[in-house]
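Working notes, beginning with the structure itself.
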Amino acid sequence: MKQRKALKNRILGWAITGVLCITATSICLTSCQLLQDTGHNASSNGMTSAEKDAYDAKIVYYEAQIQTLTSQVSDMEQQFYALRSEYLDQLQELEKQLANQHKPTSPPTEEDASGNNPPPQNSSDEEPAGDADVVLCEYTYRLENNFAILTSYLGKDKDVVVPAAVDGYLVIGLGDSVFAECDVRSVTLPKTVEHLGWFTFYQCANLEKVVLPTSISNIGYASFDGCSKSLCLFVTDGSYAEQYALSFGLNYQKLT
């Protein structure tokens, strides 16, 4: 998680630093021009009244430009700190969600094991709460609008075929960091999946193949960062997944 935070900080820092450097360069060039004109005036004798008025107007213009650019730098610095604060809040919230997904369940009490005072059971028709993770074999998931979002992979298989449904609910998405840092070799997603969360396959060093269906219309931030250089995405011709692979320079093959 520290690696992810450092990565996003570097990207944000590079973008803001670039803008500030460009603006600072503009200020520097304007200041140099002002100094050059000032030196020219000092070495020029016998100016006419019109030439002197034109020179004075130029000096006023350059001073106004410097003041405007300096104000813009100050505004951008304030925006940077505001954006950084907002980003850190979002990252902390994601870290909390990820931590909650991996909390160990408490062992049953002696009363539960003996059969006395058993915990109340939900009826089979009762739908799990939308914000609660439900464990099913090799996955945990949550429900959104009666559809399942996988939240973590608990299995040990190297070649994974993600189910199209869990407990009768269609799987339409993978949440943040579902396979992050897992020792998987290949992952095949069902045709029901529409989106991937942030860091879905982050740091899967041995991942070589991911089959992405045509149904996918959104892939979250840094989903394949830190994966093997031999990773190949299998995509449908003209699909969103193909455009994603092209945009990020990822290896891909078209499904036949």
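Just checking, does the range 156-169 include any residue being closer than 13 Å to TYR139 by Cα and of a type in the set (Phe, Trp, Tyr)?
No, the range 156-169 contains no residue that is closer than 13 Å to TYR139 by Cα and of a type in the set (Phe, Trp, Tyr).
Could you tell me how many of the residues in the range 232-247 are open to solvent by less than 20 Å² (accessible area, probe 1.4 Å) and of a type in the set (Ser, Thr, Tyr)?
Number satisfying all stated conditions: 1.
Is it the case that LYS229 is open to solvent by 40 Å² or more (accessible area, probe 1.4 Å) and closer than 20 Å to GLU138 by Cβ?
The answer is no for LYS229.
Tell me which residues, restricted to the range 229-256, are assigned to a loop (DSSP other than H, G, I, E, B) and out of contact with any Ser or Thr (no Cβ under 7 Å at 6 or more places or on another chain).
Start the filter on the range 229-256 by keeping residues that are assigned to a loop (DSSP other than H, G, I, E, B), which leaves 229-231, 236-239, 248-250, 255-256.
Hits for the range 229-256 are LYS229, SER230, LEU231, ASP237, GLY238, PHE248, GLY249, LEU250, THR256.
So in the range 160-216, with the set limited to residues that are without any contact (Cβ under 8 Å) to a residue 24 or more places away in the chain and of a type in the set (A, V, I, L, M, F, W, C), which one is most open to solvent (accessible area, probe 1.4 Å)?
Here the residue is LEU170.
Go through the range 217-226 residue by residue and tally those that are open to solvent by 50 Å² or more (accessible area, probe 1.4 Å) and outside any loop (DSSP other than H, G, I, E, B).
Here is the first cut: in the range 217-226, the residues open to solvent by 50 Å² or more (accessible area, probe 1.4 Å) are 217-218, 221, 225.
Going one step further and asking which of them are outside any loop (DSSP other than H, G, I, E, B), we end up with 218.
Residues flagged as open to solvent by 50 Å² or more (accessible area, probe 1.4 Å) and outside any loop (DSSP other than H, G, I, E, B) within the range 217-226 amount to 1.
The values are calculated or read from the model by the stated rules, or taken from the named source; none is laboratory data. Since the model is a prediction, treat every value here as computed from it, not as a measurement. Virtual Cβ from ideal backbone geometry, glycine too; neighbours counted across all protein chains shown. Protein only, heavy atoms only, side chains kept; ligands, DNA and RNA dropped before computing areas. Shrake-Rupley method; radii C 1.70, N 1.55, O 1.52, S 1.80 Å.
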